[in-house]
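The values are calculated or read from the model by the stated rules, or taken from the named source; none is laboratory data. Note that the structure is predicted; figures quoted are calculated from it, not measured. Here Cβ is always computed from backbone atoms with ideal geometry, including for glycine, and neighbour counts include all displayed protein chains. What goes into the accessible areas is simple: the full protein's heavy atoms, side chains included, and nothing from ligands, DNA or RNA. Shrake-Rupley method; radii C 1.70, N 1.55, O 1.52, S 1.80 Å.
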Amino acid sequence: MESAADHLKADTLVKIPLQRKSQTLLALADLIEGFKRWPVWFLLACQDIKLRYRRSVLGPFWITISMAITVYTMGFLYGHLFRSELQTYYPFLVSGMLAWAVISSMVLELTEGFILSETLMKQIKLPHSLYVHRIIARNIIIFFHNLLVMIPVVIIFHQTAKINFYTLMLIPGLAIIYINALFYGILISMVGARFRDVAQIIRSLIQVTFFITPIMWNPAILPPQKRYLAELNPFYSFVELIRAPLLGHSPTWGNWIMVTFITAVGVVLSFSIFKKYRARIVYWV
Amino acid sequence: MAKINLQSVSVEYPIYNMSTRSFKKHFLRVATGGTVTEDANQHIVVKALNNISLTLEDGDRVGLIGHNGSGKSTMLRLLAGVYEPSQGDIQINGSISAILDLVSSGTELEFTGYENIILRGTLMGLTKKQIKQRLDDIITLTGLGDYLAMPVRTYSSGMVLRLAFAISTSIQPDILLIDEIFNAGDADFTQKAREKMISLLNQSNIVVMATHSNELIEEFCNKAILLEQGKVKFFGSVNNALELYRTKE
């Protein structure tokens, strides 16, 4: 800074006081600007989906169909495997799979969030958070396509999957998932860009997580003294944010506490790292 | 009033995928490009711009000249906000539009020409309404007619360029940054593009243009910056800069 100060005296042209913006403000500006530029990321998200199904007849409804095939067949097989009553197991599995699909694909795609945005990033100045929003928005849109899979389930198993006041809890649930996806997404995208092996590690971890999280199996079948295996798994609470409203009840207090804790950690951790390395991201991709 | 002010600005970037020692040694010997050093973690660091101070004001039409790797593109990316200085301060007043790479940014091959106009326009920060207002002009400038309703993957490379050029030049910024874009397209389009560029240049308050064509610089610019290994070798009149550049060769 001293040489810059010397320069100030020497250079008579410089009359405008230079403001050195702090990295905290720049990072904050990036986040705010990311929200403000929603038409850009929403358009990009829609484009991603259109692009995937451009020349197919059914278009984006392939998302719904492939999800339907997966969960309907799984429901029958695993219902019998776990000797559960189809009436309770089937809606549980389908709604859990919907929740898992949106959460896991967000995590997986976010590992390459910045890497795949390289060309744009090097041509146009856009907030970094915008690329993360794009991926989250894309997955939320896909989630709403998948949601159609629930309709026959709600009709056939209307005794266990109810549509009531608690169904509306889906909206705050998704909002919280969005916030988490944004902050953890920035973090994962950064780490994924800097250390290219991370995407592979996360990929295998996500697979394991699917089996250890109560999605195919109900935590109620665990012996009471082993319940903590489910309760302490943050993914369980996030899945519940979607699954519980879809089944017509509210997530438990335990779920809410876990989610609040994880969100707080995510916001603080992600922001402090984003603040420090934001300017380097463009060189990592 | 538009103004660009750089004070002792340096841009350094780390290179992460060079690990072998011999490669490093080899790289150090390369004559063009910025200064290559190692940082504390033994990453290779390229100093693409080194301690640059300059001020550009309204009416400046600046040509950036220098060898490949002298820092021209880095300089434009710095001014466009893509790169942030690793040292020093930068201040820019005025809206910026950068035409850095016409074809690769935001041209989606599966999409039609129209869809690409909307996509690219939105990326540049235009609203739907603003795009609609400019649509006719853009369409005329592309000269693509009915092809605009077809996917871009069916276009020839010249046609993609026409489309990209027409959209990119549809906004009028205070500060215009251009990187080597004149050298493509057929005669008819080159003429059209030239006219469009001249009108755009006249409407912008500050223009910074990187090119290897001395004629273009002589025609459009009133100042020139000669870059060498990331440093400003000369900043002043076009003739002096070009002369200095020629004697270096």
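Among the residues of the range B:1-15, the ones that are more than 10 Å from every other protein chain (Cβ to nearest Cβ) and at pLDDT below 90 come to 2 in all.
Using beta carbons and a limit of 8 Å, which pairs, at least six apart or on different chains, have the first residue in the range A:193-218 and within 24 Å of residue A:279 (Cβ to Cβ) and the second one open to solvent by less than 60 Å² (accessible area, probe 1.4 Å) and among the polar types (S, T, N, Q)? Close Cβ pairs satisfying both conditions: A:198/A:111; A:199/A:111.
Give me the residue from the range B:88-138 that is part of a loop (DSSP other than H, G, I, E, B), open to solvent by 50 Å² or more (accessible area, probe 1.4 Å) and more than 22 Å from residue B:155 (Cβ to Cβ) and, out of that set, farthest from the other protein chains (Cβ to nearest Cβ). Looking at the filtered set, the residue picked out is B:95. Taking the range B:149-159, which residues are more than 22 Å from residue A:39 (Cβ to Cβ) and either of a type in the set (A, V, I, L, M) or part of a helix (DSSP H, G or I) (or both)? Correct list: B:149, B:150, B:153, B:154, B:157, B:158, B:159.
Any chance the range A:134-145 includes a residue that's outside any helix (DSSP H, G or I) and either at pLDDT below 95 or surrounded by fewer than 17 Cβ atoms within 10 Å (Cβ to Cβ) (or both)? Checking the range A:134-145: not a single residue is outside any helix (DSSP H, G or I) and either at pLDDT below 95 or surrounded by fewer than 17 Cβ atoms within 10 Å (Cβ to Cβ) (or both). One residue stands out among those in the range A:119-175 that are more than 14 Å from chain B (Cβ to nearest Cβ) and among the charged types (D, E, K, R): the one that is nearest to residue A:35 (Cα to Cα), which is A:138. Residue B:153 meets each of the listed conditions (1) under 27 Å from residue B:11 (Cα atoms); (2) open to solvent by 50 Å² or more (accessible area, probe 1.4 Å) apart from (1). Among the criteria (1) of a type in the set (A, V, I, L, M); (2) more than 14 Å from every other protein chain (Cβ to nearest Cβ); (3) open to solvent by less than 50 Å² (accessible area, probe 1.4 Å), the one residue B:177 does not fulfil is (2).
Only residues that are part of a helix (DSSP H, G or I) and open to solvent by 10 Å² or more (accessible area, probe 1.4 Å) were counted across the range A:151-160, and they come to 5.
Considering only the range B:46-78, state which residues are part of a helix (DSSP H, G or I) and facing chain A (nearest Cβ under 10 Å).
Hits for the range B:46-78 are B:73, B:77.
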